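The values are calculated or read from the model by the stated rules, or taken from the named source; none is laboratory data. These numbers were taken from a predicted model, which means no experiment stands behind them. Methodologically, a virtual Cβ is constructed for each residue, glycine included, from the backbone with ideal geometry; neighbour enumeration extends over all protein chains shown.
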Amino acid sequence: MIIEVERLRKEFNGVVAVDGISFSVERGEIFGFLGPNGAGKTTTINILTTLLAPTSGTARIAGYDVVKQPEQVRRRIGLVPQEVVLEGDLTARENLIFHGMLYGLSRQQIESRISELLDIVELEDRAESKVRTFSGGMKRRLELVKVLLHEPEVVFLDEPTVGLDPQTRRRIWEYIRTLNTERGVTVFLTTHYMEEAEQLCDRVCIIDHGRILDIDQPDRLKHRLGEGEMVEIELAERCEEFVRSLGEAGYRIKSATGCRVTVVAERSERVLAEVFSLADRLGTGIVSISIRKPTLEDVFIHYTGRSIRDEAAGDTRIREIARRLKH
């Protein structure tokens, strides 16, 4: 195992951000850390990258303790934080040279790697352009190049595609796969985008309120959910009566918000027949109907009772930590 975490805990003035978690990551794996804002993702990644000391517990990277041997750990890791950390008035090449020198690389070592790495993320033709002229997606790609200069064994990506448009996000996914498959880099990815985790990760860890809820391969998590197909229906009117009648008929209602209802069924054709029959009896129209397989979003809702997109609780928790830190 290249990452080993045992009973890791972090408190901020009495507020528990990470609550005794334990997990491990295999060498060469893309490992996803999933959870809403305030779940403990960034706190965990800050501990693993030696930026924050834990309250208790241990964490080791490539066999080195993050508290007792931080220098050894830093030589073996790279970090792309949520916020872009680049000098806008320097060119892409100058940013990379500066970063490489901080890691003690010679100018020759840096120059020998710059062209190859910029080519991977399709920025070679912008090497002499100032970073302040780059788009958000270009800056994220340059950040990926920056952390690879010293050839780390593990790269930590903290919400690497947050705020990016869908097309740019998918390009970043391609670069992450390249790092992993062609360069053998272990990737530790924090995200609250379920699609991102499904597309990239060999295994995912679901965390909420500082506690790990489950860890496994995405397909196994969905299979373990034990649910069939999801039939999503949008009605024109008489919605409450419709939902109540479906429930009385013995169908499992996954969710019901306004005139949108999701029903879980092993045989979707049976549900469809009942839906159309019931709508006809009630004299209401069906605006739309769709059928889909369970997703990681469904897994998350199963464990937490809320959508991962529901950031309100997480934001409240962050504000509570900030409030206590002020006092």
For the range 100-133, which residues satisfy the criterion of being of a type in the set (D, E), more than 30 Å from the chain's Cα centre (by Cα) and not in a helix (DSSP H, G or I)?
E128
Quick one: is A39 out of contact with any Lys or Arg (no Cβ under 8 Å at 6 or more places or on another chain), in the same structural domain as V162 (by TED's automatic domain parsing), part of a strand (DSSP E or B) and surrounded by 20 or more Cβ atoms within 10 Å (Cβ to Cβ)?
no
Pairs returned, first residue in the range 4-32 that is free of Cβ contacts under 8 Å to residues at least 12 places away in the same chain and over 23 Å from L157 (Cβ atoms), second residue that is among the acidic types (D, E) and outside any strand (DSSP E or B), beta-carbon separation under 7 angstrom, 6 or more apart or interchain, are none
Which count do you get for residues in the range 268-297 that are closer than 29 Å to A197 by Cβ and of a type in the set (D, E, K, R)?
3
G88: of a type outside the set (A, V, I, L, M), in contact with a Ser or Thr (Cβ under 7 Å, 6 or more places away or on another chain) and part of a loop (DSSP other than H, G, I, E, B), yes or no?
no
So which residues in the range 53-75 are touching a Phe, Trp or Tyr at 6+ places or on another chain (Cβ under 7 Å) and touching a residue at least 12 places away in the same chain (Cβ under 8 Å), if there are any at all?
V73
Screening R141, R107, R76, R113 for residues that are out of contact with any Leu (no Cβ under 8 Å at 6 or more places or on another chain), basic (K, R) and more than 30 Å from E6 (Cβ to Cβ) leaves only R107
Looking at the range 213-233, can you tell me whether even one residue there is modelled with pLDDT of 85 or more, of a type in the set (K, R) and either surrounded by 17 or more Cβ atoms within 10 Å (Cβ to Cβ) or within 25 Å of A17 (Cα to Cα) (or both)?
no
